[in-house]
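Notes for the one structure printed next.
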Amino acid sequence: MQLPVSSSLCSSLLYLESADSTNSFLMAEASDKSAWPDFSVVVTDNQTAGRGRSGREWVSAPGAGLAVSILLRPRRFGLERFSWLPLLAGASMTQAVRTLLPAADVLAKWPNDVLVNGEKIAGILSELLPDGSGVVVGAGLNLLQTKDQLPIDAATSLALHGVTGFSLDDVLVRYLAAFKNLYQDFEEANGDPESSGLRALATELSGTIGSHVRAILPGDIELTGDAVALDDSGRLLIAKREDASLTALAAGDIIHLRQ
């Protein structure tokens with residue numbers, strides 16, 4: 001498949017007719033730095049063994065979903081700022097979906113989902129290269145699935161919102177353009193989330209910040225409170241209502257609760 005508009009934004013773009021996982025493919029190939037420079041992209045609409053966070057499966061029928069992985073080799077910031085890259089991807093996907101569903105309520109759910117009217121339409125999975133020099137940022141977007149083709153009840157697709165007359169290139173370029181703009185700003189700011197505007201944008205697009213939430217942490221530990229902000233590392237700050245004490249979360253499953 002030719003993706004000319006999307007290709008114009010990338011250092012290189014490879015479309016795969018089928019892939020077990022675009023993240024796994026790019027992680028395996030990334031050791032060749034000359035062949036896979038910063039902002040190289042691998043994409044498929046037939047991912048057979050995709051992975052979400054915590055090893056969860058992300059698979060869709062051929063042609064029904066978009067799987068895209070971006071290789072990032074930042075030059076002006078290092079490992080200490082990589083934690084912002086999944087949030088950057090989530091903000092980019094939120095912006096892209098908003099252009100396709102302008103009448104819907106499209107928000108990012110910390111740390112790695114995009115929701116439409118409260119239902120999941122996209123997810124993000126980032127993986128650190130073995131030598132720590134870069135990150136592969138993967139995203140999956142539900143395109144044409146029917147309700148019974150989706151893995152969970154609280155999920156949706158573009159088709160379920162009446163959006164079907166698009167090419168893969170048209171959808172992909174929206175995500176890549178938003179991502180590239182944010183990434184370039186973040187690079188130019190040496191990975192500073194404040195001066196680059198990334199923290200402000202991630203906060204603005206978040207459906208989690210400002211919500212009453214329950215966080216399920218490793219070891220099945222639960223924490224309930226109000227999600228109030230992102231800290232300098234992109235961690236979610238949760239304030240307990242009983243004493244206003246703050247807990248910073250680097251990972252966890254977040255459930256939005258009624259206030």
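Give the order of MET1, MET27 when sorted by the count of other beta carbons within 10 angstrom, beginning with the fewest.
Arranged by neighbour count, lowest to highest, MET1, MET27 become MET1, MET27.
Apply the Karplus parameterisation 6.51 cos²θ - 1.76 cosθ + 1.60, with θ equal to phi minus 60°, to every residue of region 229-239 and state each ³J(HN,Hα) to the nearest whole Hz, in sequence, with x for glycine and proline.
5, 10, 8, 5, 9, x, 6, 7, 9, 10, 9
On a full-extension model of 0.36 nm per residue, what is the gain between ASP131 and ASP148, subtracting their alpha-carbon distance, rounded to one decimal in nm? Working shown, then result.
Values: separation 17, 0.36 × 17 = 6.12 nm, distance 4.09 nm.
Net length gain for the segment: 2.0 nm.
List every residue whose amide H lies under 5 Å from the amide H of ALA229, counting only residues 5 or more places away in sequence or on a different chain, with H placed 1.01 Å from N in the peptide plane.
Amide H neighbours of ALA229: LEU237.
Using a 10 Å cut-off around each Cβ, can you sort SER211, SER8 from fewest to most neighbouring Cβ atoms?
SER8, SER211
So what is the relative contact order of region 137-244, in percent, for Cα pairs below 8 Å that sit 6 or more residues apart? Don't jump to the answer; show the numbers that get you there.
On the way: 97 pairs, mean separation 13.0, N = 108.
Relative contact order for region 137-244 comes out at 12 percent.
If you compute Cα extents along the principal axes in Å for the structure shown, which of [x] 56, 44, 34; [y] 84, 43, 28; [z] 56, 46, 43 do you land on?
[x]
Let me check against my output: what whole-number percent is the relative contact order of the chain, with C-alpha pairs under 8 Å and at least 6 apart? Mind dumping the intermediate values first?
Details: 527 pairs, mean separation 42.6, N = 259.
For the chain, the relative contact order is 16 percent.
Hey, which of these cross-link pairs are over 26 Å Cα-Cα: LYS109/LYS240; LYS109/LYS147; LYS147/LYS240; LYS33/LYS109; LYS147/LYS180?
The answer is LYS147/LYS240; LYS33/LYS109; LYS147/LYS180.
Applying the Karplus parametrisation 6.51 cos²θ - 1.76 cosθ + 1.60 with θ = phi - 60° to the phi angles of region 177-191, what ³J(HN,Hα) value in whole Hz is obtained for each residue in order, glycine and proline being reported as x?
3J(HN,Hα) across region 177-191, in whole Hz: 5, 5, 4, 4, 4, 5, 5, 4, 5, 5, 5, 4, 8, 6, x.
Suppose each label sits 7 Å from its Cα in the direction of the beta carbon; what would the ASP32-GLU194 distance come out to in nanometres?
About 4.3 nm, to one decimal.
In which sequence would ILE124, ILE70 go, from the one with the fewest C-beta neighbours within 10 Å to the one with the most?
On the way: ILE124 23, ILE70 30.
With the sparsest Cβ surroundings first, the list reads ILE124, ILE70.
For Cα pairs less than 8 Å apart in space and 6+ apart in sequence, what is the mean separation divided by the residue count of region 91-171, i.e. the relative contact order in percent?
About 21 percent, as a whole number.
Helix-only mean residue ellipticity at 222 nm, the chain, DSSP H runs n ≥ 4 weighted -39,500 (n - 2.57), per residue, nearest 500. What is it?
After summing the helix terms and dividing by the residues of the chain, the value is -6500 deg cm²/dmol.
Any read-out appearing in this document is the output of simple, stated calculations on the displayed coordinates, not a laboratory observation. Not measured: the values here are computed from a predicted model. Cβ: placed from backbone, ideal geometry, glycine included. Neighbour counts: every protein chain shown.
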